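Quick notes on the structure that follows.
The values are calculated or read from the model by the stated rules, or taken from the named source; none is laboratory data. Model, not experiment: these values are computed from the prediction. Don't worry about glycine lacking a Cβ; one is built from the backbone with ideal geometry, like all the others, and counts go over all protein chains shown.
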Amino acid sequence: MATPPAPASPGAFNLIGRRRWWYALSLAVIVPGLFALYLHHVHDHHALNWGVDFTGGNSLELRITQPFSVGDIRAVMGRFQLEDAIIQRSGDTEVFIRTRPLTQSQTNAIIAAVTARFSGTTMLRQDTVGPEIGAELRNIAIFGLAIGLILQVIFISFRFHSIRFAIAADVALLHDLLVVIGAFALTQREVNSSFLAVLLTVAGYSINDTIVIFDRIRENLGLRTREPFEHLVNRSVLEALVRSINTAMTAVLAIGAVYVFGGETIRDVAFGLVVAITTGGYSSIFNASPILVDWHNWSERRRAGGQVPRPVRAAQPAPGLPAAPAPDPGQAAPAVASGDRHMGMVPDPGASGGRRRRGGRRRR
């Protein structure tokens, strides 16, 4: 008699089976960032190091005819405790400077210092950005991000015919946003308009990578195999794992080069992009898919009503007859062939050798 086939194994790399470890790792990364946000808010009422784009400030555009570098301009700004000013060079002769809010006398002193250091300096433009504009920009960014999340839920639900995929993808995306924001809070890097580009990048990259893995899961579900859902998801993740890692590493290496050789002005943006792409690739594999599995398991338990099967009691022997010997724990119970089970064929203990019973009728 043939033995039933063993259930499909998740393989040596059971990523989904270790999902509790991945959840714990995500919390270990997110919690320090949230703690830093709270401490900064208590200390100076600013959870993040907001730049002049959000808090308001002054911008200067100068033309310098002599050879200069960004480091030379930053050294001049250091005399006024403005080393953290945003300094961008445009071409060979123009420089753009953004600082915190300054008075007119402070602005004139800075222009005079630059002119003394580089003769022939000309003022091209001088602007002042009020804090109201920065607050409006921040509110618009939050509103736009919320609308984007809602639209993603609608689209993914329609594309995969299930809201589970959409919620799992957005929970992974929320994880990525918290990691990026926490990284900026821990390092106290300046948050300016470029930070919005970083958040949009993590939103686009994380969702894109998650959709690729979810699409592989849907394809494998379409094969209608009898593989358990958890094993099927694990196999799907392993099939897309190499692609996800290669894509993330390629982008991280390119942006890492920008971080090292791009200069001080673009370094904060490059740092945010490296963190965004790294956590986006991680969450697609180790957060979105495990959440999908846990939701499926919870739904199955709820559908079963949470009932626990009662233990089967052994049959009591008739009076005057000896009790049946207890089964040997080390000996496996006789297996029923899967083909016999599906066809309704089971062994007939009362029949002589070779006889079977099919559908309640003996076959000779």
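Selection of the stretch 211-238 for residues being assigned to a helix (DSSP H, G or I) and among the hydroxyl-bearing types (S, T, Y) yields only S236.
The requirement of being assigned by TED's automatic domain parsing to the domain that holds N208, polar (S, T, N, Q) and assigned to a helix (DSSP H, G or I) is fulfilled nowhere in the stretch 161-183; no residue meets it. The numbered conditions (1) surrounded by 23 or more Cβ atoms within 10 Å (Cβ to Cβ); (2) within 23 Å of T265 (Cα to Cα) are all true for N192 except (1). Go through the residues of the stretch 219-229 one by one and say whether even a single one is touching a Pro at 6+ places or on another chain (Cβ under 7 Å) and over 26 Å from Q188 (Cα atoms). Yes - at least one qualifying residue is present in the stretch 219-229. Filtering the stretch 249-264 for residues that are over 25 Å from W50 (Cβ atoms) and in contact (Cβ under 8 Å) with a residue 24 or more places away in the chain leaves a non-empty set.
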